[in-house]
Amino acid sequence: MDRIYERSFDINEWFIIISLIVLLLLIWITPKIFSFLEGLSYYIYGISIGMFYDHTISIPPWDFYDVNDSSAYQAIDFISYIMYGPYSYFFIYIYKKIKIRGIMNLAYLLIWTAFSILMEWFTVRIGIFHFDKGYEMYWSIPIYMAVQSIQLLFHHTINQSD
């Protein structure tokens, strides 16, 4: 049985749409430091990871959370996955722009993990995520650390000179 959390088009949908538009504009206006293909790969990485986790730990047998207004898949859910792309893009963009090296990699991962937890907390409050079955936000910390570490490995693999 599908759970319905609300039926109106409100803050959770507006947050997704406005965030996506603002972040896409930021990508458009920031100086280009990646080739089109490289930038697109970072963007798609974010979308893929978001979809992967939302379609593994948010469905049976675990079913730890629902996304947006209903436990059923909706069009706004797809748009919310696209919203992960710019965050992933800027994760590497800032990393490359400020030339993170050495032990600062760990600091950078911890800062982005903290930012990710803050965003998760906010999205729970506005109704994008609805935790279920005892899911605790701190369970996301190792997921964020792993996903971001893999993205850094991916970045360094395709940029051997960095």
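The values are calculated or read from the model by the stated rules, or taken from the named source; none is laboratory data. Here the structure is a predicted model, which means the values were calculated and not measured. Cβ coordinates were reconstructed from backbone atoms using ideal geometry, including for glycine residues, and neighbour counts include every protein chain displayed. All accessible areas refer to the heavy atoms of the entire protein, side chains included, with ligands and DNA or RNA removed. Shrake-Rupley method; radii C 1.70, N 1.55, O 1.52, S 1.80 Å.
Quick notes on this structure:
- So residue 141, is it among the β-branched types (Val, Ile, Thr) and open to solvent by less than 60 Å² (accessible area, probe 1.4 Å): no
- Flag for residue 27 being surrounded by 14 or more Cβ atoms within 10 Å (Cβ to Cβ) and modelled with pLDDT of 95 or more: yes
- Only one of the numbered conditions (1) of a type outside the set (Phe, Trp, Tyr); (2) modelled with pLDDT under 85; (3) open to solvent by 70 Å² or more (accessible area, probe 1.4 Å) is violated by residue 66, and that is (3).
- Looking across the stretch 25-54, the residues that are within 14 Å of the chain's Cα centre (by Cα) and over 19 Å from residue 155 (Cβ atoms) come down to 51, 53, 54.
- From the list 145, 119, 137, the one residue that fits, being among the aliphatic types (A, V, I, L, M) and more than 21 Å from residue 43 (Cα to Cα), is 137.
Conditions (1) open to solvent by 40 Å² or more (accessible area, probe 1.4 Å); (2) closer than 27 Å to residue 31 by Cβ; (3) of a type in the set (S, T, N, Q), marked per residue:
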{"site": "50", "(1), (2), (3)": "no, yes, no"}
{"site": "56", "(1), (2), (3)": "no, no, yes"}
{"site": "78", "(1), (2), (3)": "yes, no, no"}
{"site": "102", "(1), (2), (3)": "yes, yes, no"}
{"site": "122", "(1), (2), (3)": "yes, no, no"}
{"site": "137", "(1), (2), (3)": "no, no, no"}
{"site": "150", "(1), (2), (3)": "yes, yes, no"}
